[in-house]
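What follows is a short report on a single structure.
The values are calculated or read from the model by the stated rules, or taken from the named source; none is laboratory data. Just so it is clear, the model here is predicted, and its values are computed rather than measured. Note that each Cβ is placed from the backbone with ideal geometry, even for glycine, and that neighbours are counted across all protein chains shown. What goes into the accessible areas is simple: the full protein's heavy atoms, side chains included, and nothing from ligands, DNA or RNA. Shrake-Rupley method; radii C 1.70, N 1.55, O 1.52, S 1.80 Å.
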Amino acid sequence: VSSTGVVALPLIGDVHAAKLTVRDFEESVKNKLAAGYLRDPRVSVQVSNYRPFFILGEVSKPGNYAYVNGMTVLNGVAMAGGYTYRADSGGITIVHASDPSKTEQRVPEDAAVMPGDIIRVPERFF
């Protein structure tokens with residue numbers, strides 16, 4: 001997928017993929033193939049890699065990490081080496097990449113993480 005959200009395919013040209021689910025993208029490709037090239041085409045799409053997620057703050061190794069399907073905040077913390085001794089695990093916030101307002105939301109450890117999300121683990125104060 002290009003930076004503009006388009007996939008270039010032989011025969012049918014550019015197909016818009018940004019903000020589509022995998023199933024919707026499959027359907028779009030299927031419809032374009034059926035409109036002049038194939039009868040009853042069967043299309044299968046698989047995502048080979050996702051955008052990374054980012055984790056900041058009181059974790060051992062902050063940075064960007066590869067996204068894994070079904071990921072939670074706690075999985076992300078584990079990938080980053082766990083909490084530091086100063087971490088406030090009850091004050092974790094996340095900014096979802098899909099949120100146009102980029103609002104930071106306080107979330108529990110079992111909250112879902114999506115590709116491109118930014119997780120922030122704050123420092124606790126005694």
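Sequence neighbours fewer than 8 away in the same chain don't count; with that in mind, list the aspartates and glutamates whose C-alpha is under 16 Å from LYS30. Here the aspartates and glutamates satisfying the reach criterion relative to LYS30 are ASP14, ASP40. Close amide H pairs (under 5 Å, H built 1.01 Å from N) link VAL43 with no residue at least 5 positions away or on another chain.
Could you work out the Kirkwood radius for the chain, taking every pair of different alpha carbons, averaging 1/r and inverting it, reported in Å? The partial results should precede the final answer.
On the way: mean 1/r = 0.0598 Å⁻¹.
It works out to 16.7 Å.
For the chain, the solvent-accessible area works out to 66 Å² per residue, with a probe of 1.4 Å and every protein chain left in place. Structural descriptor for the chain: relative contact order 22 percent, calculated from alpha carbon pairs under 8 angstrom and at least 6 residues apart. Binning all Cα-Cα separations of the stretch 1-70 at 5 Å, short to long from zero, yields these whole-percent fractions: 3, 14, 20, 19, 13, 9, 8, 6, 4, 3, 1, 0.
Any idea what % of Cα-Cα pairs in the stretch 68-123 are farther than 17 Å? Mind dumping the intermediate values first?
Values: 475 of 1540 pairs.
Distances greater than 17 Å cover 31 percent of the Cα pairs.
Shown here for the stretch 41-121: GluC sites (Glu not before Pro) in loop regions (DSSP other than H, G, I, E, B) with at most 15 other Cβ atoms within 10 Å, namely GLU104, GLU109.
Taking only protein heavy atoms and a 1.4 Å probe, the accessible area of the stretch 1-82 is 53% carbon and sulfur.
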